[in-house]
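A.B. asks: This is the structure I want to talk about, given as structure tokens.
Every read-out reported here was derived from the displayed coordinates using simple, explicitly stated rules and does not represent laboratory data. Quick caveat, the model's predicted, so the values are computed rather than measured. Note that we place each Cβ from the backbone using ideal geometry, even for glycine, and neighbour counts take in every protein chain shown.
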Amino acid sequence: MVFYLVTPTSGNPMTQLATNSLLLDPYFPPFNEFTPAQAQAAVVTVIAQNREAIDAVVAAGLNRPAVEVLRELEAIDDRLSRLWSPIGHLNAVQNSEALRKVYEASLAELTQYGSDMGQHQGLYELYSQIQASPEFSDFSQAQKRAVELALRDFTLAGIALAPEQQAQFKAIKKRLSELSNQFSNNVLDATQGWHLHVTDEKQLAGLPGNAKAQARQAAERKGLDGWAITLDFPAYLAAMTFADDRSVREAVYRAYATRASEFGPRERDNSAHIVELLQLRSALATLLGYENYAELSLAKKMADSSARVTDFLEDLAEKSKPVAHQEWQHLQAFAQQYLHIDNLCAWDVSYAAEKLKQRDYELSQEELKPYFPAQKVLTGLYSVVEKLFNVHVEKCANIAVWHPDAEVFEIKRQGKTLAYFYLDLYARSDKRGGAWMDDCRVRRATENGIQLPIAYLTCNFTPPLGDTPSLLSFDEVTTLFHEFGHGLHHMLTEIDVAAVSGINGVPWDAVELPSQFLENWCWEPEVIGLISGHYQTGTALPRQLLDKMLKAKHFHTGMFMVRQLEFALFDFRLHQLEKVENIAEVQACLDQVREQVSVVIPPDFNRFQHSFSHIFSGGYGAGYYSYKWAEVLSADAFSKFEEEGIFNQSTGQAFLRNILSQGGSRDALALFKAYRGREPQVEALLRHSGIRA
């Protein structure tokens, strides 16, 4: 990648930044010219430039308008963000040994830089002076909020600590960054490092044709005859749901459930990483005067206390567990009577559930998938967004991407471009699993106008095979809507201050509101007509199948609810522990949570925690509850559309005006109340989940 590096010049920091800004031309990262060596050199150079520029801004002080000082600091931050964003993204979607080394080395530099800036006394005093200045009262709401959040973050970065404690804080942050990256690498390597080689086609009985074809292709890539079932999620899910051979299901389940644990190669075992991560997080909280890491995490969230979080989760569990227990008993009885499985094991659950759904609703996931080709779903998704928010999505040409699967689009309103996004839908061997949205560029005001936001939207769906396009399960359809909801939050912001633009500055337990909100449209008959069309005939989903699908909407929602609550309570309670001495204590915490809320208890060998990337490498540590917290907000937000019409223009504009466009510029609860006219209520979530009528 060409980074247009230059040597810093003397003079006004703003002038220096304007002439030396990174990647101003081209506006989009030149992914087709990327080399890891250039990337590492660029990170070192830009960090050095930024240190010099920040020191110059601090030395100049408030001898010019405070708003200009803020813009200078913002531009300095943006320069580094514009550089690091494509490097971090490529490490996730096109991982290689060479890039991994560069990423790890650069991550260490960035962590050190971030810690230094968080404890930069001169910079802290400058922000304090800005807040105390007469000009502050004339700042916009977004500018005020950005300053307030910056001062909060200085405190959370240890600005008030003694010098020796600050050094300890920095060392902890550096090590946490290393451990998080190692955890993620181990999960990726463990996922890609296993496959089940099948030479007898009888063992593949029950698998859909597309899944078998993908297994054949995987074997060919590995130089094997027959078939290879991998742990890429589409392959794993197909085996768990459809493989008639119980031994195949068990083998794949065991491999997936023990990834990056003591049951695999020692160098990929995350046990020690988990313990050290928890110990260091606890130490960090203690340094800052918090009782535990869970308390520290709430400093940036809507929830105001640990008790509020645990009470919320336990209350949901109390309401949901009876429903989940009934579903589990029903599934066990069905498996015993119709599948002749007397002891329903973890590797049987998805398989038996699919058979039960076929019997009770005459509906199979595979029967639905031909009606949801990925490109048709995308077209329908764009139509939904256009109806709700008066925006139009168009494909862009001649913009460099990292893989032929990736595409670039722009979002327009009345012919005016508002934002861009990269879309990368399909699973690959060098790509991190899961689905996510990340920012490439953030909206902000510059000397030359508005820098438009750019998003990365990434999924891991089954890729096209021959003449057959990618066909999505309905869960994948909702995943696509979910990630696009995150993207809209980033791209439709009208805030020009980077620190609170888009998803920036939004509390972690509110950031899932737009994503979960948009999922609701997947279930609307009017929308299903837009997102469905048989890949061979173009025929929309028949009414008969639609009715069956809607009837089955609440199938096993109780079991799904308590499963999510298991994850959330485990995460939060784990981070409330004073100190974790060994990995057995982590397992004990998980076992206690399962005893309280779960109805399906996994086998003893299950090591789910060893690949729980959300909390150990994905930013959700002590925050996984955010999914359920935000789901209350999203369900209640959607209920306004249920009351006023799912494509009601004024309701859509109200959501855009009060939620999507505001970013983190105002308190999240205040924004919700401005949209809904009251505080959030849990009833809509319980109704949407089938827990209550």
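A.B. asks: Tell me which lysines have Cα within less than 18 Å of K551's Cα, excluding those fewer than 8 residues away on the same chain?
C.D. replies: Here the lysines satisfying the reach criterion relative to K551 are K355, K357, K369.
A.B. asks: Right, next: Run the simple label-point estimate for F560 and E447 please: 7 Å along Cα→C-beta, distance reported in nm.
C.D. replies: Output for this residue pair reads 5.2 nm.
A.B. asks: Mind running the shape call on the stretch 13-160? Use the C-alpha gyration tensor, a ≥ b ≥ c as the square roots of the eigenvalues: rounded below 1.5 for a/c, prolate if a/b tops b/c, oblate otherwise.
C.D. replies: On the way: a/c = 2.28, a/b = 1.84, b/c = 1.24.
It is prolate, given that a/c is not under 1.5 and a/b is the larger ratio.
A.B. asks: Now, a different point. Under a Cβ-only charge scheme (Lys and Arg +1, Asp and Glu -1), can you give me the dipole magnitude of the stretch 370-551 about the Cα centre, in debye to the nearest 20?
C.D. replies: Dipole of the stretch 370-551, to the nearest 20 debye: 280 debye.
A.B. asks: Fewest first, what order do S634, S306 take by the number of other Cβ atoms within 10 Å? Let's see the in-between values first.
C.D. replies: Working: S634 27, S306 19.
Least to most surrounded, the residues fall as S306, S634.
A.B. asks: Let me ask something else about it. So what's the angle, to the nearest 10 degrees on a 0 to 90 scale, between helix 66-93 and the longest Cα principal axis of the chain?
C.D. replies: Rounded to the nearest ten degrees, it is 30.
A.B. asks: Also: With only Lys, Arg, Asp and Glu charged, each at its Cβ (+1 for the first two, -1 for the last two), find how big the charge dipole of the stretch 350-421 is about the Cα centre; round to the nearest 20 debye.
C.D. replies: Charge dipole, the stretch 350-421, about its Cα centre: 260 debye, nearest 20.
A.B. asks: A further question on this structure: Which FRET efficiency value, to the nearest 0.05, do you get for Q112 and Y361 by plugging their Cβ-Cβ distance into 1/(1 + (r/R0)^6) with R0 = 56 Å?
C.D. replies: Values: r = 56 Å, r/R0 = 1.00.
That gives a FRET efficiency of 0.50.
A.B. asks: Sticking with this structure for a sec: Exposure proxy check: L671, L452, L569 ranked by fewest other beta carbons within 10 Å?
C.D. replies: L452, L671, L569
A.B. asks: Putting +1 on Lys and Arg Cβ atoms and -1 on Asp and Glu Cβ atoms, find which of L179, Q168, Q129 reaches farthest to the positive end of the dipole of the stretch 120-196.
C.D. replies: Result: L179.
A.B. asks: Tell me which aspartates and glutamates have Cα within less than 14 Å of K673's Cα, excluding those fewer than 8 residues away on the same chain?
C.D. replies: Counting by Cα, and skipping residues close in sequence, K673 has these aspartates and glutamates nearby: D636.
A.B. asks: Rounded to whole Å, give me the distance from the Cα center of the stretch 670-693 to that of the stretch 498-552.
C.D. replies: 18 Å
A.B. asks: Taking 7 Å along the Cα-to-C-beta vector as the label spot, tell me the E642-H325 distance in nanometres, rounded to one decimal.
C.D. replies: 2.6 nm
A.B. asks: For the chain, build the charge dipole from Cβ charges (+1 Lys, Arg; -1 Asp, Glu) around the Cα centre, then report which of G533, S634, H403 sits farthest towards its positive end.
C.D. replies: G533
A.B. asks: Treating the angle as unsigned and between 0 and 90°, give the value, to the nearest 10°, between the Cα long axis of helix 626-644 and the longest Cα principal axis of the chain.
C.D. replies: The angle comes out at about 80 degrees.
A.B. asks: With +1 on each Lys and Arg Cβ and -1 on each Asp and Glu Cβ, how big is the dipole of the chain about its Cα centre, in debye rounded to the nearest 20?
C.D. replies: Magnitude of the dipole: close to 600 debye.
A.B. asks: A follow-up question, please. Using only the alpha-carbon atoms, how far is helix 163-192 inclined from the longest principal axis of the chain? Give it as 0 to 90 degrees, nearest 10.
C.D. replies: For 163-192 against the chain, the angle is about 30 degrees.
A.B. asks: Can I ask one more? Each label point is 7 Å from the Cα along the Cα-to-Cβ direction; what then is the distance between the points at S429 and Q536, in nm?
C.D. replies: 3.1 nm
A.B. asks: Of Q329, F572, T478, which is farthest towards the positive pole of the chain's charge dipole, taken about the Cα centre with +1 and -1 on the beta-carbons of Lys, Arg and Asp, Glu respectively?
C.D. replies: Towards the positive end, the residue furthest out is T478.
A.B. asks: For the stretch 506-514, what does the Karplus curve 6.51 cos²θ - 1.76 cosθ + 1.60, with θ = phi - 60°, yield as ³J(HN,Hα) per residue in whole Hz, taken in order and with x for Gly and Pro?
C.D. replies: Residue by residue, the stretch 506-514 yields 7, x, 4, 8, 10, 5, 7, 4, x Hz.
A.B. asks: Of all DSSP beta bridges in the chain, what percent run antiparallel (nearest 5)? Numbers along the way, then the final one.
C.D. replies: Numbers: 25 of 31 bridges.
Counting DSSP beta bridges with both partners in the chain, the antiparallel share is about 80 percent.
A.B. asks: Right, another one. What ranking, highest mean first, results for peptides 419-426, 230-237 when packing means the other Cβ atoms within 10 Å averaged over each residue? Before the final figure, lay out the partial values.
C.D. replies: Values: 419-426: 22.4, 230-237: 20.8.
Listed from highest to lowest mean packing, they are 419-426, 230-237.
A.B. asks: What length, rounded to one decimal in nm, is gained on full extension from D475 through to D547, with 0.36 nm per residue of separation minus their alpha-carbon distance?
C.D. replies: 24.2 nm
A.B. asks: Let me ask something additional. Can you give the FRET efficiency for E318 and F605, using 1/(1 + (r/R0)^6), R0 = 30 Å, r = Cβ-Cβ distance, to the nearest 0.05?
C.D. replies: The value I calculate is 0.50.
A.B. asks: Ok, one more. Can you tell me how the stretch 370-551 classifies by the Cα gyration tensor, rounded, prolate or oblate, using a/c under 1.5 as the rounded cut?
C.D. replies: prolate
A.B. asks: As an exercise, use a Förster radius of 56 Å and the Cβ-Cβ distance of A213 and E125 to find the FRET efficiency, rounded to the nearest 0.05.
C.D. replies: That pair, A213 with E125, gives E of 0.30.
A.B. asks: For the chain, what does -39500 (n - 2.57) per DSSP helix run (n ≥ 4), summed and divided by total residues, give at 222 nm, in deg cm²/dmol to the nearest 500?
C.D. replies: Theoretical 222 nm ellipticity from helices: -18000 deg cm²/dmol.
A.B. asks: Follow-up. Defining a contact as two alpha carbons under 8 Å apart and six or more residues distant in sequence, what relative contact order in percent does the chain show?
C.D. replies: 15 percent.
A.B. asks: Applying the Karplus parametrisation 6.51 cos²θ - 1.76 cosθ + 1.60 with θ = phi - 60° to the phi angles of the stretch 540-554, what ³J(HN,Hα) value in whole Hz is obtained for each residue in order, glycine and proline being reported as x?
C.D. replies: 5, 3, x, 4, 4, 5, 4, 4, 5, 5, 5, 5, 8, 4, 9
A.B. asks: Another question, then. What ranking of D116, D604 emerges when the number of other C-beta atoms within 10 Å of each C-beta is taken as an exposure proxy, fewest first?
C.D. replies: Ascending Cβ contact count within 10 Å gives the list D604, D116.
A.B. asks: On to the next question. From the phi of every residue in the stretch 291-299, what ³J(HN,Hα) in whole Hz does the Karplus formula 6.51 cos²θ - 1.76 cosθ + 1.60 yield, where θ is phi - 60° and glycine or proline is x?
C.D. replies: In residue order, the calculated couplings are 5, 7, 5, 4, 5, 4, 5, 6, 4 Hz.
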